[in-house]
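The values are calculated or read from the model by the stated rules, or taken from the named source; none is laboratory data. Quick caveat, the model's predicted, so the values are computed rather than measured. Every residue, glycine among them, receives a Cβ derived from its backbone with ideal geometry; neighbour counts consider all protein chains shown. All accessible areas refer to the heavy atoms of the entire protein, side chains included, with ligands and DNA or RNA removed. Shrake-Rupley method; radii C 1.70, N 1.55, O 1.52, S 1.80 Å.
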Amino acid sequence: MKSISYPAYIVLLLVFSSCVTTKKFDAYVSAQYNDQVPEITVKKKAGNVKVLPATQTSDKVSATTSHTKTIPLLFYWKIDHRFDCELNKQIGTANFSKAFNTASARSLDKVLNGQQLELTVEQAPSVFSMVDKTNIIWLVLYAVHWSKVYVEPDKKDLVVAYRFTQNDNTVKTGKITVHNKLDNQGLRFFQSWKSATSEHLAAYDQEIIAMTKEFVIKLEDELTQTAATAKE
């Protein structure tokens, strides 16, 4: 909690709001992905699996918008400032595809036994926000303020639809949902927004991998039950 004068606070607010822009935010996020949207890949030897691409019309890595909400009362102000960054939806699908190749390398191939599996990523986390919530109490010419700055991840779960076919006939269709465990992450003392963004994107990639592994386990169970039922 700090005490600052009214003019000093105005200067501080102007400096903070001007140092980070949506353009700078997108440029930094894009650099984390080598300035290109990753492609959806499936191992050549696993030709019996097809991951359908997400519907995406843009070739940009991300699109960021900035929002500020202020509640100015007589002696108390509440300011919520945030950058909402929406990643290209193909990033989540590409991460899923890459993780799926690794997680299903052996066990799933045995379950499929050369048959066809089509996967469609209907929903995956794709948005995160850099949030700054500031509270100010005005004391005549001075103000006492405290802030909470954190990264707010997308709360969406991973939802993947599948279609299993044998001899060109659809045997089973279904949809599997895997819970997203990402949570808010506060910025450490003196941590920059760039460092926090990098850490979140790394955590995001790891969470996609973890959700994909869980998806593969659930899918294997469903396909194994289908195969057992077909033999009866």
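Some points to look at:
- Accessible area (Å², 1.4 Å probe, nearest 10) - Trp138: 30
- Backbone phi angles across segment 127-137, fed through the Karplus curve with coefficients 6.51, -1.76 and 1.60 (θ = phi - 60°), yield HN-Hα couplings of 10, 9, 10, 9, 10, 10, 10, 10, 10, 10, 10 Hz in residue order; Gly and Pro are listed as x.
- Label point distance in nm, Lys24-Gln225, each placed 7 Å from Cα along Cα→Cβ: 5.3
- Solvent-accessible ranking of Ile209, Ile79, largest area first, probe 1.4 Å: Ile209, Ile79
- Listed peptides 151-158, 83-90 by packing density, highest first (mean Cβ within 10 Å): 83-90, 151-158
- Between Asn113 and Ser58, the modelled label-to-label distance comes to 4.6 nm, taking each label 7 Å out from Cα in the direction of the beta carbon.
- For the set Lys23/Lys181; Lys24/Lys60; Lys50/Lys156; Lys50/Lys110, the pairs lying more than 19 angstrom apart at their alpha carbons are Lys23/Lys181; Lys50/Lys156.
- R0 of 30 Å, Cβ-Cβ distance Thr120-Thr65: FRET efficiency to nearest 0.05: 0.60
- Residues with amide H under 5 Å from that of Glu122, placed H, sequence gap 5 or more: Val159, Val160, Ala161
- When nucleic acids and ligands are ignored and a 1.4 Å probe is applied, Asp221 ends up with an accessible area of around 80 Å².
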